[in-house]
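The values are calculated or read from the model by the stated rules, or taken from the named source; none is laboratory data. Since the model is a prediction, treat every value here as computed from it, not as a measurement. No Cβ is skipped: glycine too gets one built from the backbone with ideal geometry, and neighbour counts run over all protein chains shown. These area figures cover heavy atoms from the full protein model, side chains too; ligands, DNA and RNA do not enter into them. Shrake-Rupley method; radii C 1.70, N 1.55, O 1.52, S 1.80 Å.
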Amino acid sequence: MSTNTLPKLNILGIDVDKVNRAEAIRAFRGFMETGGTDMIVTPNPEIIMSAGKDAELRGILENASLVIPDGIGLVYASRILKDPLEERLTGVDFLSDILEMAAKEGWRVYLLGAKPGVAEAAKAKMEAVYPGLVICGTHDGYFKAEEEDELAKAIAETKPDFLCVAMGSPKQEKFVERHKDVLRVKAAMGVGGSLDVWAGTAKRAPEFYQKHGLEWLYRLIQEPSRIGRMMALPKFMLKVIFTK
Ligand code: UDP
């Protein structure tokens, strides 16, 4: 496992790496060269709030090798804390960078998560976009707790270097943490709904929303039932302001 020397921004007790795209790519190359499993996490305000109540999640965030500021909420928080993040790096974009490197370097990728059929569809699209990419296996993200050990062994048998887990947070991160000794991947990253975007079963927010940091609004329009979860955002903002 690697520890990085990137500057950090502490948001409600969680250290986020002040990392730009090029630095994140460099860090990932380092993970492929060292032993142990390096965990990449992309926390949003909801996750940072949950970490306050969930010790397992908190431990995962504290021990992650790379903590990428994905959500726009973290960028706003950094401005409130008067230590602005230089750049926002989304998990979806960083995943594309990883796949591009993997195709060139021959690193094997396993896709775990999303509804049955989605990971296979994502694999086909990814292999078409990045010729030479080896996706060594796929599995959906809907399995029973008692099937986890067998699944981890089955994943390990395909010998992936990088495990891309798309089961939502914190489920995806906890799966890797609990099974990393069996999985023996060099790096793993939780990517939320990215496989749905690759497969075409979900659309990424149009550029206008991306440019203005309004992906959350687009998501809310698509899935109004997320409103309860999204209330974490204003609570997070207030907490950042009052604990400053
Ligand atoms: N998912 C899964 N297993 C589950 C629950 C969810 O594989 O038990 C998948 C779901 O199909 C979707 C992704 O996880 O592809 C959730 O993405 P979302 O963007 O909602 O993640 P979050 O915002 O919670 O990180």
Hydrodynamic radius of the range 197-244 per Kirkwood, over alpha carbon pairs, in Å: 12.3 Å
More than 34 Å apart - percent of Cα-Cα pairs taken over the chain: 11 percent
Relative packing of 92-99, 111-118, 214-221, which averages over residues the other C-beta atoms within 10 Å, highest first: 111-118, 92-99, 214-221
Using alpha-carbon coordinates, inclination of helix 91-105 to the longest axis of the chain, degrees: 30 degrees
In nm, spacing of pseudo-spin labels at GLU105 and ARG26 (7 Å Cα→C-beta vector): 1.4 nm
Within the chain, helix-based [θ] at 222 nm, where runs of 4 or more DSSP H residues each add -39,500 (n - 2.57), nearest 500: -14500 deg cm²/dmol
Helix 232-243 vs. the chain, principal-axis angle (Cα, 0 to 90°, nearest 10): 50 degrees
Solvent-accessible area per residue, Å², over the chain with all protein chains present [probe radius 1.4 Å]: 49 Å²
Amide hydrogen neighbours beyond the local backbone of GLY137, cut-off 5 Å, H modeled: LEU111
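Tally up the carbon and sulfur contribution to the accessible surface of the chain as a whole percent, 1.4 Å probe, everything protein left in place.
Values: 6460 of 11970 Å².
Carbon and sulfur together cover 54 percent of it.
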Sequence of LYS82, LYS144, LYS8 from largest to smallest accessible area, 1.4 Å probe: LYS82, LYS144, LYS8
Vicinal HN-Hα couplings computed from phi for the range 179-191 (Karplus, 6.51 cos²θ - 1.76 cosθ + 1.60; Hz; Gly/Pro x): 10, 4, 5, 7, 4, 6, 8, 7, 8, 9, 9, x, 10
Point-to-point label distance, THR34-ARG229, nm (Cα→Cβ direction, 7 Å offset): 3.1 nm
Stretch gain in nm, segment GLU62-PHE242, where the contour uses 0.36 nm per residue and the Cα spacing is subtracted: 62.5 nm
Approximate spin-label separation ASP149-LEU12, in nm, with each point projected 7 Å along Cα-to-Cβ: 3.6 nm
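To the nearest 20 debye, what charge dipole does the range 168-233 have about its Cα centre, counting +1 at the Cβ of each Lys and Arg and -1 at the Cβ of each Asp and Glu?
160 debye
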Packing rank of 226-238, 42-54, 186-198, 158-170, where each peptide gets the mean count of other beta carbons within 10 Å, highest leading: 186-198, 158-170, 42-54, 226-238
For the range 133-175 and the range 176-204, distance of Cα centres in Å: 8 Å
Tilt relative to the chain, helix 148-157 - C-alpha long axis, 0 to 90 degrees, to 10: 60 degrees
